[in-house]
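See structure below.
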């Protein structure tokens, strides 16, 4: 009799999909089959099949801030997604179910509870999202990346965020910075959708720096905003390596001295794992302002600075860059503080908990 798989539920954005993919790889390395529950609208529709992981589809959308019509339709959408999830779980018979966030985790988690499958949930952000706050009442094990993500009534274990093995394997800061010569290197990450605020402010800020002290810049701007970002750099007469997407994030992190970026939970975890200082510009529309909360521990440790988007003027950013780019040695100290915050056992702990909940059920 074959061993039942472990089901992973994650979807929507890279902040949910990539940590879940890391856990899937760890489970497969432990000789456990994995089946994924996702939607055909999110990033998982491209990433998971490419990783040769079996995936099942349900239809579900986000429900917050969608207006009156969506509120009327929502119960029917959720009900249909729950029925789809129940059908998948009954057919695939997982030994345990891991929810890693995204809209898909809601109906999938309820279906796991209704069918008495052990449910494990993991919250990546410093402030738990609505879906995980609800599922915490049903889950057998609740995991969080940051202390205090859930209220005190939830017995959550703090395990950190899992990062991919290639990123965790980047050499530590003292090896990277000590041998490095030449101009400082700044990596700008706008995410898959592109951060318009960074596209506008970073080129204009760099133009205010004397050319002899300007850093080398790599800017990942997203496919949709590639043309506007290219125009912004050209109009400011600033040289840049501009790309819509970075395939090899480990190489990009290893190259950089400083990162300017949003403060998604995955990005924060990766910066700590590698050891990189950051200027965080939290996404102002993030639910419950969770990106600011994600960035706070690094800022408090002296490894990062938080710049609210409303304050991100070219002049202010130029002043910050002058201060932060004075010496590579100072950046190395900040990088070491970031590295000290990493939780390298997060992946093994999450995978181990899933395996323990699955047991040896055949």
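Nearest 0.05, what FRET efficiency do residue 330 and residue 151 give at R0 = 51 Å with Cβ-Cβ as r? For R0 = 51 Å, the calculated efficiency reads 0.85.
Would you please state the base-10 log of I(q)/I(0) at q = 0.14 1/Å for region 132-208, with intensities from the Debye formula using one equal scatterer on every alpha carbon? Debye curve over Cα of region 132-208, log10 I(q)/I(0) at q = 0.14 Å⁻¹: -0.85.
Mean sequence separation of contacting Cα pairs (under 8 Å, at least six apart), scaled by the length of region 258-360, corresponds to a relative contact order of 32 percent. When both region 311-362 and region 217-290 are represented by their alpha-carbon centers, they are found 14 Å apart.
Of all DSSP beta bridges located in the chain, what percent are antiparallel, nearest 5? About 0 percent, rounded to the nearest 5.
Between the helical axis of 14-29 and the longest alpha-carbon principal axis of the chain there is an angle of about 60 degrees. Over the C-alpha trace of region 167-341, radius of gyration and Dmax come out as 14.8, 42 angstrom. Before anything else, pin down the relative contact order of the chain: Cα pairs under 8 Å, at least 6 apart, normalised by residue count, whole percent. The normalised contact order for the chain reaches 17 percent. Sequence-distant contacts, meaning Cα pairs under 8 Å at least 6 residues apart, place the relative contact order of region 167-341 at 27 percent.
Computed from the coordinates by the stated procedures, all read-outs in this text should not be read as laboratory data. None of the values given here were measured: they were computed from a predicted structure. Positions of Cβ are backbone-derived with ideal geometry, glycine not excepted, and every protein chain shown enters the neighbour counts.
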